[in-house]
Amino acid sequence: MKKYLEMFSVFFKIGAFTIGGGYAMVPLIEAEVVDKKKWIEKDEFVDTLALAQSAPGPIAVNTAVFVGFKMDRYKGAFFTTLGAILPSFLIILAIAMFFKEIKDLKAVESAFKAIRPAVVALIATSVISLSKSSKLKGKAFIIPIVVAACVTFLKITPILFIIIAVIGGNLYMAKKGGSKQ
């Protein structure tokens, strides 16, 4: 039971003290599960993020599911996921209960304006960390830049790029003769 409480508390702490959504949580999850707890290796974390991002749902919750499942199958996934989502649920519940009283307070508005730069910094940290550990070689670093530009400026759905990457990766591996079946 101690292991489950530790898994729950790690993700609860991350969920409770991260503002800005799943991508802002990524560097904190990495620091806890890779660097501090050593539950998974850095390469495995990058693969987990790729899967979490490709699966439907929030990246932080998906990452919690994958890490928990690796730790102890379904029970692990249950406790890490519960830890990741419970803080948000409780905070939203509290906000909903008191929203009418606090929505027009200058202090609340100012706090959220002040938090925005920190969220951007957390997301940027995640991008930098992932780019360093992605082991892109040669001109391959251009691919994420082009994809990001297409999604941002041309409004092309990211789903299309996921499908292209799956097909392209399989074709590449088949051509190399390294496909595993």
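Worth a mention:
- Here PRO56 passes the criteria (1) outside any loop (DSSP other than H, G, I, E, B); (2) modelled with pLDDT under 90; (3) open to solvent by 20 Å² or more (accessible area, probe 1.4 Å); (4) of a type outside the set (S, T, N, Q) except the one numbered (1).
- Residue within the stretch 73-80 that is out of contact with any helix residue (DSSP H, G or I) (no Cβ under 7 Å at 6 or more places or on another chain), assigned to a helix (DSSP H, G or I) and among the hydroxyl-bearing types (Ser, Thr, Tyr) present: yes
- Residue identified as open to solvent by 30 Å² or more (accessible area, probe 1.4 Å), in contact with a Phe, Trp or Tyr (Cβ under 7 Å, 6 or more places away or on another chain) and within 22 Å of VAL119 (Cβ to Cβ) among LEU82, LEU86: LEU86
- Any pair with Cβ under 6 angstrom, 6 or more apart, that starts in the stretch 145-162 at a residue that is closer than 18 Å to SER134 by Cβ and ends at one that is of a type in the set (A, V, I, L, M) and surrounded by 13 or more Cβ atoms within 10 Å (Cβ to Cβ): PRO158/VAL151; PHE161/VAL147
- Qualifying residue in the stretch 109-121 (condition: over 24 Å from ALA60 (Cα atoms) and without any contact (Cβ under 8 Å) to a residue 40 or more places away in the chain): yes
- Scanning the stretch 129-181 for residues that are in a loop (DSSP other than H, G, I, E, B), more than 18 Å from LEU51 (Cβ to Cβ) and open to solvent by 100 Å² or more (accessible area, probe 1.4 Å) turns up LYS137, LEU154, LYS155, GLN181.
The values are calculated or read from the model by the stated rules, or taken from the named source; none is laboratory data. Predicted, not measured: the structure shown is a model, and the values here were computed from it. Here Cβ is always computed from backbone atoms with ideal geometry, including for glycine, and neighbour counts include all displayed protein chains. Remember, those area values only see protein heavy atoms, side chains included, never the ligands or the DNA or RNA. Shrake-Rupley method; radii C 1.70, N 1.55, O 1.52, S 1.80 Å.
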